[in-house]
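Everything on this sheet refers to the single structure shown next.
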Amino acid sequence: MNTNLKSEKLAGASIISAVAASLCCITPVLVLISGASGVASTFSWLEPFRPYLIGLTVLVLGFAWYQKLKPRTTQEIQCTCEEEDKTPFMQTKKFLGIVTVFAFLMMAFPYYGQIFYPKADKQVIVVSSDNIQEVKFNVSGMTCASCEEHVKNEVNKLPGIVTVSANSKKGSAFIKFDNSKTNKEAIIKAINTTGYKVSGAPSVNPVHGQAGHTCGPNGCK
């Protein structure tokens, strides 16, 4: 029974460390679902510790499975036979298997978290190409694809946004917009509402093209 109790505690510890390893990327999705903008970057400080938390999770799970699968002593076998019908579900191999799958799903969350965000599907009518600007914003706090999608989702709510791309590794966002419908200040405000912050002055690049064309998420026609 002591081995079962130890495995249960190890399972709990592995869940905590696995969730903590990807909490910085899980939070933006929870923010999207709850609508509580501004707290998405709350756990971004955990990102540097992610490799260590993943390593800890794997070690804890490995030790938990070792405890479950290692050869038992005669005394443990007798004890198991006496209490076999009383073993709680949380102390079984089946529960440990569920915990293992859940832990690996949590650790892999940054690689698939962006699927929870709605895809931008809007058309922006541009009257004059002279109104189109492409601006680079330096954004701090983004750590993964979920963070990028959160920024893109908020910016796309503004009128006149043509395209938005964000890069968490470079800490930047490139936004093409119609400056007759929105402006840099409104975009900065939208980004800042996510909890990630725009730092420094935006870099402006004029975009030239034909007047009176239609622009959408995939570019201009």
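The values are calculated or read from the model by the stated rules, or taken from the named source; none is laboratory data. None of the values given here were measured: they were computed from a predicted structure. Methodologically, a virtual Cβ is constructed for each residue, glycine included, from the backbone with ideal geometry; neighbour enumeration extends over all protein chains shown. Calculation scope for accessible area: heavy atoms of the full protein, side chains included, ligands and nucleic acids excluded. Shrake-Rupley method; radii C 1.70, N 1.55, O 1.52, S 1.80 Å.
None of ALA145, ALA190, ALA186, ALA166 is small (Gly, Ala, Ser) and modelled with pLDDT under 90 except ALA145.
Restricting the first member to the stretch 153-180 and to residues that are more than 13 Å from VAL198 (Cβ to Cβ) and free of Cβ contacts under 8 Å to residues at least 40 places away in the same chain, and the second to residues that are open to solvent by less than 40 Å² (accessible area, probe 1.4 Å) and part of a loop (DSSP other than H, G, I, E, B), the beta-carbon pairs closer than 7 Å and six or more apart or on different chains are LEU158/THR182; PRO159/THR182; GLY160/THR182; ILE161/THR182; SER168/MET142; SER168/THR143; SER168/CYS144. Do the conditions hold for PRO28, that is, is it within 17 Å of THR194 (Cβ to Cβ), at pLDDT below 80 and part of a helix (DSSP H, G or I)? Here the answer is yes, as PRO28 does meet what is asked. Applying the set (1) loosely packed, with under 15 Cβ neighbours inside 10 Å; (2) among the aliphatic types (A, V, I, L, M); (3) at pLDDT 80 or above to ILE33 leaves exactly one unmet item: (3). The one condition from (1) at pLDDT below 75; (2) surrounded by fewer than 17 Cβ atoms within 10 Å (Cβ to Cβ) that PHE49 does not meet is (1). Under 9 Å between Cβ atoms, which residue pairs at least 6 apart in sequence (or on different chains) link something in the stretch 63-92 that is surrounded by 12 or more Cβ atoms within 10 Å (Cβ to Cβ) with a partner that is at pLDDT 80 or above and charged (D, E, K, R)? Correct list of pairs: TRP65/LYS93; LYS68/LYS93; THR92/LYS68.
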